[in-house]
Amino acid sequence: MSRLLSFLRSTALNFMLLTSVIISFSSCNRPAHRVDVLIIGGGASGVAAGVQAARMGAETLIVEPTTWLGGMLTSAGVSAVDGNYRMPAGLFGEFREKLAEHYGGLDSLKTGWVSNVLFEPSVGNKVFHELAEAEPDLTLVFEANPLSVRQEANGSWLAEFEGKDGKFTVLASILIDGTELGDIAKQVGVGYDLGMEARSVTGEDIAPDSARNIIQDITMVAILKDYGRDVTMSEPEDYDPQEFACTCQNELCTDPDDIGQNYTPSYMMAYGKLPNGKYMINWPVAGNDIYINLVEMTPEQREEALEEAKAKTLRYVYFLQHELGMNTLGLADDEFPTDDLLPLMPYHRESRRIHGLTRFTLNHITHPYDTPDPLYRTAIAVGDYPVDHHHKAYDGLDSLPRIGFYPIPSYGLPMGVLIPEDVDNMLVTEKSISSSNIVNGSTRLQPVVVQIGQAAGAIAAIAALDGVKPSEVSVRRVQKEILDAGGYIMPFLDVEKTDSRFKPYQRIGACGILHGEGRNVGWSNQTWLRADDQLLAGEMADFWAFYNYEAEQPADVTAPVTYADAMAAVCEVTGGESDGNTILSEYGIDAKAPEDMLSRGEFALIVDGILNPFNACDVDIRGNFIERK
């Protein structure tokens, strides 16, 4: 297989030739094409998984039903990134940097007020193609859909696809579901939830009393551009301006208390203003959100149901043109390769959510150090967006929990949410991870979903190359790969990831030797290691607990810890003499006298440099320590 793929790449053959080669193999009853990692779906998670797995040396194949990569960031037109502006983790950070290069700097991406990173979907697609096509161990197949996926007796996966020119078969060691709605997970028998869980199931105070089969609204986004002339479309069928009357301030909105009265038409449009004078229309206030629960529908039923979503968006565009006087704005003719100029897919905010090795709930975010399972120790991605649920288009809104933008600290996403509890050699990504319905309101956002894919790619590559199950892959090994790839495992803001102290702070945080402090500052959700604060005697308790020492409670927990105190603790663990100043000097920090006070960050550097607790002690998928070296 590797020789075949190398030949195809070296000769720059297109998809049609690739498909024809595969068909010829299948028709001659030859073995299916073998890869280490098969990813079905080239969305935000799928492409990130593919790039990461390939970079780690795994022969990887992405099969995507469209001709685009990037999913909700591109194909769905949601080209305004929500969150993680101060945590440009891994491939999300690379994606953002390439956008900045294209447009002339990060400030060039700040074109609308909803986000600090806005771009044209077609440019995002181009960037994802560049990232993927740069990897020699990654092959892309477009315009192909899965016909069947089954697991062989030896645990490998056999998948049959219908391509543009016929059928082909792939045999893979590890399978990654990169679909938008968890379709492959369902097909192979992974257990899952859909809709709202009851409070008794998740233990979340703001969850409903009883389960509800209700998902978030979807949106068929529109990208408009200014043509400089009247391009008002013909009045759509069933158009009624009252449907959108209170989308913003205008004479049709007569309710002075309606939320739409907070926005002038120009301010509303500036929400999703993109570079080059385009506009993303993804407006939740009497706009183009729509409630359609199509998750369990067949592909044919989904296609039919989405006509309703498209029709609503076209009615809304006509409202903007005809009622608000924006008649020079029309559907961009240079964005999507579709006949109707709408995106290739809708924006799905919610999906099936698998039963994973761990379930991530709101309590793990709000009280990471106080839950029965210390899942924070297993984090492989970070997020900082509030819990954001869209239900305004649902007929029955008043019966649902009022979540709004529920404030949370920034958080680390645990590794176990990607691994199904009931199916081996598989990983599930996108919005189909094992989280609660409440938490999905934050983990569904683009930067987190890209990181989910990157982590899945790392787990898959290790599992395939080492011949083990994803559930058997070392948590610490995956976290090390994430850190080496420029990712985050702790949501600390103390230093940027280019700082030499970044990795030590991340590692000490993942060990729990020093705890982060979550904060809500306006719209910003943050967590800080408080690296510059003085280390206090009471904060040594977690250090002693990590090393199973029963230290006496200090007489004054607020007393500052001196360099001599800290080194005495470190030497108690090592059983010998150690020099912390040698470690500090590696980070450009002046030598400490015995009586000098020590900061939390300096203590983290010394412990990391001398004791190396992160690599010396692995954790299981639930965050419990399992090995000490």
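Under a Cβ-Cβ cut-off of 9 Å, what is the net charge of the residues other than Asn363 that fall near it, where Lys and Arg count +1 and Asp and Glu count -1? Net charge around Asn363: -3. On a per residue basis, the chain carries 39 Å² of accessible surface, using protein heavy atoms and a 1.4 Å probe. Spacing of the modelled spin labels on Asp395 and Glu586, each 7 Å from Cα toward Cβ, amounts to 6.5 nm. Across the alpha-carbon set of segment 64-139, the Rg to Rh ratio works out to 0.96, Rh being the Kirkwood radius. Hydrodynamic analysis of segment 167-285 uses the Kirkwood radius over alpha carbon pairs. Inserted into Stokes-Einstein at 10 °C and 1.306 mPa s, it gives a translational diffusion coefficient of 81 µm²/s. Note that segment 262-339 shows a convex hull volume over its alpha carbon atoms of 121 Å³ per residue. When you restrict to C-alpha pairs under 8 Å that are six or more residues apart and normalise by the size of the chain, the relative contact order lands at 16 percent.
For the chain, the longest principal axis of the Cα atoms and the long axis of helix 475-484 meet at an angle of about 70 degrees. Derived scalar couplings between HN and Hα for segment 158-169 equal 10, 10, 10, 10, 9, x, 4, 10, x, 9, 8, 10 Hz in order, rounded to whole Hz, by the Karplus curve 6.51 cos²θ - 1.76 cosθ + 1.60 (θ = phi - 60°), x for Gly and Pro. Summarising the amide proton neighbourhood of Arg444: residues at separation of 5 or more, or on other chains, whose placed amide H is nearer than 5 Å comprise an empty set.
Centre-to-centre, using Cα atoms only, segment 214-230 and segment 80-142 are separated by 20 Å.
When you filter the GluC sites (Glu not before Pro) in segment 481-589 for DSSP loop state and at most 13 other Cβ atoms inside 10 Å of their Cβ, you are left with Glu496, Glu550, Glu552, Glu577, Glu586.
Under the simplified labelling scheme, the Glu303-Ala568 pair shows an inter-label distance of 7.6 nm, with each label point 7 Å from Cα along Cα→Cβ.
Site pair Ser471 and Arg86 shows an inter-label distance of 3.9 nm when each label is modelled 7 Å from Cα along Cα→Cβ.
Does segment 562-613 come out rounded, prolate or oblate by the C-alpha gyration tensor, with a ≥ b ≥ c the root eigenvalues, rounded set by a/c under 1.5 and, if not, prolate when a/b is larger than b/c and oblate if not? Oblate shape, in that a/c is at least 1.5 and b/c is the bigger or equal ratio.
Ordering Thr371, Ala381, Leu529 by Cα displacement along the dipole of the chain toward the positive end leaves Ala381 in first place; charges were set at the Cβ atoms of Lys, Arg (+1) and Asp, Glu (-1). To the nearest 10, the accessible area of His322 is 100 Å² with a 1.4 Å probe. The 3J(HN,Hα) values that the Karplus relation (6.51, -1.76, 1.60; θ = phi - 60°) gives for segment 408-424 are, in residue order, 9, x, 5, 8, x, 8, x, 5, x, 6, 8, 10, x, 7, 10, 9, 8 Hz. Gly and Pro appear as x. The loop-placed trypsin sites (Lys or Arg not before Pro) in segment 119-165, going by DSSP, that have at most 16 neighbouring Cβ atoms within 10 Å of their Cβ come out as Lys164. How much of the accessible area of segment 254-395, in percent, comes from carbon and sulfur atoms when a 1.4 Å probe is used? Carbon-and-sulfur percentage of accessible area, whole number: 47. Close amide H contacts of Ser435 (hydrogens built in the peptide plane, cut-off under 5 Å, sequence separation of 5 or more or a different chain): Ile354, Phe360.
Residue order by solvent-accessible surface for Asp257, Asp339 is Asp339, Asp257, largest first, with ligands and nucleic acids left out and a 1.4 Å probe. A simple count of charges around Asn145, restricted to other residues whose Cβ falls under 11 Å of its Cβ and scoring Lys, Arg +1 and Asp, Glu -1, yields -3. Its alpha carbons considered, segment 63-205 gives a radius of gyration followed by a Dmax of 18.8, 53 Å.
Counting only heavy atoms of the protein chains and using a 1.4 Å probe, Ser410 has close to 10 Å² of accessible surface.
With all pairs of different C-alpha atoms in the average, the Kirkwood value for the hydrodynamic radius of segment 360-472 is 15.1 Å.
The H on the amide N of Leu427, modeled in the peptide plane, is under 5 Å from the matching H of Leu175, Ile176, Asp177, each at least 5 residues off or on a different chain.
The candidates Glu307, Glu197, arranged from most to least accessible area with a 1.4 Å probe in the full protein assembly, appear as Glu307, Glu197. Neighbours of Arg501 by Cβ distance under 12 Å: Lys/Arg scored +1, Asp/Glu scored -1, total -3. Here segment 545-568 and segment 367-391 have alpha carbon centers that stand 29 Å from each other.
Computed with a 1.4 Å probe on the full set of protein chains, the accessible area for Trp528 sits at about 50 Å².
For segment 566-583, backbone phi angles converted through the Karplus equation (6.51, -1.76, 1.60; θ = phi - 60°) give residue-by-residue couplings of 5, 5, 4, 5, 5, 5, 4, 6, 6, x, x, 7, 9, 10, x, 5, 5, 5 Hz, Gly and Pro being listed as x.
The values are calculated or read from the model by the stated rules, or taken from the named source; none is laboratory data. On a predicted model such as this, the values are computed, not experimentally measured, just so you know. Positions of Cβ are generated from backbone atoms using ideal geometry, with glycine treated the same way; all protein chains shown enter the neighbour counts. Each accessible area value is taken on the protein alone, full model and side chains, heavy atoms only, with ligands, DNA and RNA left out. Shrake-Rupley method; radii C 1.70, N 1.55, O 1.52, S 1.80 Å.
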